[in-house]
Amino acid sequence: MPISKKYFHDKLILLLISSNIFLAFLCVVLVFLRLGLGQDSSGYLVEYRSNLGISAFKTGSIVDIVSFVAFAILIAGTSIMLSIRTYPIRRLLALTILASGILLLALDIIVSNALMVLR
């Protein structure tokens, strides 16, 4: 299915796509900067369960933290691909998909940052 020529001429679509890409890149950079690969790589906090009381924090490995990066790349790619496919049907649906991708990427940055600060 060819991409509509009007899709890349829509300024709001291009703004949302660039915001998605920027937030995904920001998440990747923030996670890798906070990892501290030269330091001890064990004991990353990856979960918080409020109902467990004193043992509310669960530790994990680097793989669990890097999954935030994979999630950011997956969300950015999926939201852009879905918006391209839905643009010929409805422009508003494509805008909604891109905006929800921005929301998910912002939440990914917030959660990964909060867990990395508690390390």
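Each value in this text was obtained by applying a stated rule to the coordinates, not by laboratory testing. Model, not experiment: these values are computed from the prediction. We place every Cβ from the backbone using ideal geometry, glycine too, and count neighbours over all the protein chains shown.
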| remark: Per the Cα gyration tensor, the chain corresponds to an equivalent ellipsoid with semi-axes, largest first in Å, of 35, 15, 10
| said: Which one, F68, I97, N51, projects farthest toward the positive side of the charge dipole computed for segment 1-118 from Cβ point charges (K/R +1, D/E -1)? | reply: I97
| On a 0 to 90 degree scale, rounded to 10, what angle separates helix 91-117 from the longest Cα axis of the chain? | 10 degrees
| task | Return the single residue from A56, A24, A99 with maximal mean-square fluctuation; model: Gaussian network over the chain, springs between Cα atoms under 10 Å. | result | A56
| request: Subtract the Cα-Cα distance of L15 and M81 from 0.36 nm times their separation in residues, and report this length gain in nm to one decimal. | output: 22.2 nm
| said: Using each residue's phi in segment 64-77, evaluate 6.51 cos²θ - 1.76 cosθ + 1.60 at θ = phi - 60° and report the 3J(HN,Hα) Karplus result to the nearest Hz, with x for Gly and Pro. | reply: 5, 6, 5, 5, 5, 5, 4, 5, 5, 5, 5, 5, 4, x
| said: Using only Cα atoms and rounding to the nearest 10 degrees, what angle (0 to 90) does helix 11-35 make with the longest principal axis of the chain? | reply: 20 degrees
| said: Restricting to DSSP H runs of at least four residues, report the calculated mean residue ellipticity at 222 nm for the chain, -39500 (n - 2.57) per run over all residues, nearest 500 deg cm²/dmol. | reply: -23000 deg cm²/dmol
| task | List the trypsin sites (Lys or Arg not before Pro) within segment 1-90 that fall in a DSSP loop (any state other than H, G, I, E or B) and whose Cβ has at most 15 other Cβ atoms within 10 Å. | result | K5, K6, R49, R90
| said: Given Cβ point charges of +1 (Lys, Arg) and -1 (Asp, Glu) and nothing else, what value in debye, to the nearest 20, does the dipole of the chain about its Cα centre take? | reply: 520 debye
| remark: Relative contact order of the chain (C-alpha contacts under 8 Å, at least 6 apart) in percent is 36 percent
| message | Order these by the 10 Å Cβ neighbour count, fewest first: V31, V66. | response | V66, V31
| note | Expected unfolding gain across V29-L107 under the 0.36 nm per residue rule, minus the alpha-carbon gap, is 26.5 nm
| query | Using r as the Cβ-Cβ distance of I73 and S4, and R0 as 35 Å, what FRET efficiency do you calculate, to the nearest 0.05? | reply | 0.90
